[in-house]
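This report concerns only the one structure given below.
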Amino acid sequence: MRTSVVWMAVALWVLGIAVLPGAASSKVWIEVEDPANDDTGDGDYTYPTDPNFGDGGQADLTYFKIETVGEVLRFTLAFRDLVDPWSVGNRLTFVAIAIDNGKGGLEELGHGAFARLAAPAEYVIYCGGGVVELTDADGVVLRSKAAARVDVDTDTLVIDVPIDEIGRPGKRWRYTIAAGLQDDYGAGGIGDFRLVNGEAAQWRGGGGDDLAIDPNVYDLVVRTDRKLLKRLAPETGSQSEILGNYSLEENRLVVLPYIKR
């Protein structure tokens with residue numbers, strides 16, 4: 001019987017069918033559907049005018065999932081329209097995932113987001129152009145084996161981070177998920193959030209503020225948390241109010257909400 005099993009495994013291997021000693025254990029921690037066409041920042045953000053952006057959607061999150069797969073923490077994000085116009089890995093989308101494990105940490109999102117965090121983060125995962133960067137609570141870039149896979153046919157981005165680099169998720173972990181557009185400055189690296197100005201231009205979004213205090217964030221993953229939303233958006237509790245609640249006079253950046261299990 002044992003010999004038959006061995007020969008069957010060999011036959012499957014020859015046919016190109018993987019045989020694993022045991023399937024990697026997996027657990028879904030959070031799964032959220034996000035409304036489409038809400039990628040308007042404070043309510044009137046528009047995309048740059050260059051034809052490569054098409055009808056937009058590169059910063060329009062529609063789905064988000066966190067799961068552990070074996071010894072990997074996997075983040076799956078779906079968008080309205082992912083593109084790769086130059087076939088060089090720059091897909092125009094930039095995302096940030098801040099993780100608060102309850103110990104306090106970074107209070108402001110980096111890479112030109114111009115936004116603070118309601119839940120200070122011990123780790124932040126940035127991804128732009130297929131490049132992943134992991135930073136710690138001081139904003140220091142860590143050496144990481146984190147990797148991203150993009151499928152423009154399904155408009156899906158998957159980011160894998162080894163659990164031994166950031167720890168295994170807990171019930172009290174809080175996550176902030178922000179999406180915008182990538183600007184790699186022609187260098188092909190991770191780049192930053194692309195600027196949103198008052199008027200849209202070829203490579204700049206519109207509907208923002210030219211004084212560099214408005215967030216360069218088009219979309220968030222937001223779930224109903226009445227106390228949190230009342231604090232961040234007291235009038236409407238809406239995403240657009242959250243992303244519009246900045247003030248030059250008070251030197252106040254917007255504060256991004258978190259989600260939790």
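Quick one: is Glu199 surrounded by fewer than 13 Cβ atoms within 10 Å (Cβ to Cβ), more than 17 Å from the chain's Cα centre (by Cα) and among the acidic types (Asp, Glu)?
Judged against the criteria, Glu199 is a match.
Name the single residue, out of those in region 202-240 being acidic (Asp, Glu) and touching a residue at least 60 places away in the same chain (Cβ under 8 Å), that is surrounded by the most Cβ atoms within 10 Å (Cβ to Cβ).
Among residues in region 202-240 that are acidic (Asp, Glu) and touching a residue at least 60 places away in the same chain (Cβ under 8 Å), the one surrounded by the most Cβ atoms within 10 Å (Cβ to Cβ) is Asp219.
Across region 79-97, what is the number of residues that are assigned to a strand (DSSP E or B) and either more than 10 Å from Val152 (Cα to Cα) or of a type in the set (Val, Ile, Thr) (or both)?
5
Could you check, for region 227-235, whether at least one of its residues is in a helix (DSSP H, G or I), at pLDDT 95 or above, more than 15 Å from Arg116 (Cα to Cα) and not aromatic (Phe, Trp, Tyr)?
No.
Quick one: is Ala212 among the aliphatic types (A, V, I, L, M), out of contact with any strand residue (DSSP E or B) (no Cβ under 7 Å at 6 or more places or on another chain) and under 30 Å from Val88 (Cβ atoms)?
yes
Identify the single condition in (1) at pLDDT 95 or above; (2) at positive phi that Gly89 does not satisfy, given that it satisfies every other one.
Unmet condition: (1).
Among the residues in region 22-40, are any closer than 16 Å to Gln182 by Cα, of a type in the set (Ser, Thr, Tyr) and at pLDDT below 95?
No, every residue in region 22-40 fails to be closer than 16 Å to Gln182 by Cα, of a type in the set (Ser, Thr, Tyr) and at pLDDT below 95.
Any residue in region 137-165 that's more than 19 Å from Asn101 (Cβ to Cβ) and in contact (Cβ under 8 Å) with a residue 40 or more places away in the chain: show its pairings with residues that are among the basic types (Lys, Arg) and in a strand (DSSP E or B) at Cβ separation under 9 Å, as long as the two are six or more apart or on different chains.
From region 137-165, the pairs are Thr156/Arg149; Leu157/Arg149; Val158/Arg74; Val158/Arg149.
Return a yes/no flag: does region 168-184 have any residue that is farther than 20 Å from Glu71 by Cα, loosely packed, with under 14 Cβ neighbours inside 10 Å and not basic (Lys, Arg).
no
State whether one or more residues within region 130-146 are farther than 23 Å from Tyr185 by Cβ and β-branched (Val, Ile, Thr).
no
The values are calculated or read from the model by the stated rules, or taken from the named source; none is laboratory data. None of the values given here were measured: they were computed from a predicted structure. Here the Cβ is made from the backbone with ideal geometry for all residues, glycine too, and neighbour counts use every protein chain on show.
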